[in-house]
Structures are given as structure tokens and as C-alpha cells.
Amino acid sequence: MDFSERLKALRTRLGLTQRDFAEKLKLSVGYVYQLEAGKRAPSESLLVLLDLIEKEAAATPSPRSKMRDAREAKGWTIRDLSKATGYAVGVLQAMEEASGRASEKMINAISTALGIPVEDLMQGSDAPKIIDETGRTGTMGAIPNLQVPPGTTARIIPHLSFAQAGKMEACWEDGGYEYEGRVALNVKDPKAFTVEIRGDSMEDKISPGDTIMVYPSKEPRNGSVVLARLTDDAGGDVFCKLYTAKNQGKEVLLTSFNPAYPPMEYRREDFRFIYPVVEVRKPLTY
């Protein structure tokens, strides 16, 4: 395990966001992000501090040890638990080692399979967010405790800042999502998520602070608004733009509503994803 992996594993075990971890270490959030991304090397004083924190964490039993103990008491391997719950071996292993997070749905599946209380798995370092009393936020995939009209469905879907949007695929294994969720009605894509827009390139149709809903399972059409992410080799940038496919889909033209921003042309292979935007929500004003 290199330093960046070690740092992230420790933060996850402690149940801290990058912001909370930065406050604990008395560092900036940006610095912690760069350390976890492997873009900065740690100082000697930081290494000493982390050694102390790791020893304290090791001395505190993890709730995940109950998961491992219950699995072994049944004579099951991780692969057996994977077959019983439908979750990938790697995702379950990371959860058992307290280096990965879990959704409420995943917690319930493991609890049922192993016969241990949900509360035991909800405690500790990587406990998912619990739905608050308003019912408007909570764990990805959870059903909110709200009354909705007959024939209407409601569930909590991931909500990201624009900066986080490029990492969305991590959540679909139910093991990597660690941001907040929002209630959405009648969602027709199980992988749907929302993103808060930053920047003015799509004004006056989409403004900074607006929220877009994205359907990853749906193909974009010419003239539609999309959320697109370039591959790391192409720069890794994330865009909300108007989409046009050219040359039988081999090339992509991205344009803006705001005429101050020039069109951008790429090869289709330059993109990690291109997802259509199906809804734009404006902030409430009073």
C-alpha cells in the first residue's frame, strides 16, 4: 500500500470526509486531496502524526470485525457472502477491512445474510449517512420517509458538486459513493444522479447553482444537453454542454448557450462518458 492508499484507508476507517480529516490533521482540504491523489509527498512531521493516529485506530475495535466474525462463524468465505448478497467480492472485502463505504441497501443485505443487527454495521468509521428527520437527504438508493401522491415513486439519488461529477461511476458498485443524496420523483434510470452547475457557459438556459439530473443509461441525441467527461489522457475535464455527433459518431462537437464560449471538437474516444441531461432544477427563491 503506497502512502496515498494508506492515507485514504485511514480516513475511511475513521469515518471522516476529506474536510473533516483535514481539520483533524490541521491541513487544508486541497492538500489532503493532493496527498490522496498521489500528487504531493508527505512531510516527516505528517508521517509521525499519521503513525500515532493509526495506532489509536488499531487499538479501537472496528464494527467491521463483527461482520468478519459472523461470516467466519457461518463457515463462509467472502465469495460465499458475495453469492448470498449479490455484491462483488472486492466491495465486500473493502467493507470488511473498513477501507470502503456501503449504502443502506448493502448494509441490509449483509445483515440479512449474516444474521447480525443492522446497527452493528451502521456504526463506526464507514457508516453511511442516515436519512434525516425531514426525509429529504440520506443514503444512495434509500426510500425517503415522505408521503407522495399515488402512482409516484420517490428515492434518494446521489447529488454531487460539479467538481465531483467525474467520479460518479464509483458509486454504482454501492461501495464508493460518499457524497450527499437528494430526493427525486419518478426516476427512470437506476444510475441517475444530480449535479450542481458551476460556471456561466450555459446561461441563460442553465445558470450557476441550478441542478441537472443525468441519466447514464440513456444515449445522448444531437442537440441535447449532456454531462461529459474527458479521459485522463485528454485532460479529464467535465463539461455541461450541447451535444452534436459528427462523422458518423466518430467526432463530437460541444457548444454552449452563452456565445462568449467557443465550440469545442473532440474525438469520441476522447470521452470517458457522455450522459444526457433529462431535467434542470432552479433553486427556490423567496
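Which distance in nm do the two modelled labels at Ala41 and Glu56 give, with both placed 7 Å along the Cα-to-Cβ direction?
2.8 nm
Name the trypsin sites (Lys or Arg not before Pro) in the stretch 233-286 that are in a loop by DSSP and that have at most 14 other C-beta atoms within 10 Å, would you?
Numbers: sites: Lys241, Lys246, Lys250, Arg267, Arg268, Arg272, Arg281; in loops: Lys250.
Here the trypsin sites (Lys or Arg not before Pro) that fit, given the DSSP loop and packing criteria, are Lys250.
Which order do you get for Asp200, Asp270 if you rank them by accessible area with a 1.4 Å probe, largest at the top?
I get Asp200, Asp270, largest accessible area first.
Quick check: residue separation of Leu253 and Ala234 times 0.36 nm, minus the Cα distance between them. What number comes out in nm?
Here the segment from Leu253 to Ala234 would lengthen by 5.3 nm.
Given the Cα-Cα distance of Glu5 and Asp20 and 0.36 nm per residue of separation, how much length would full extension add, in nm?
Residue separation times 0.36 nm, minus the Cα-Cα distance, leaves 3.6 nm.
The values are calculated or read from the model by the stated rules, or taken from the named source; none is laboratory data. These numbers come from a predicted model, not from an experiment. Cβ: placed from backbone, ideal geometry, glycine included. Neighbour counts: every protein chain shown. Accessible surface areas use protein heavy atoms only, side chains included; no ligands, DNA or RNA. Shrake-Rupley method; radii C 1.70, N 1.55, O 1.52, S 1.80 Å.
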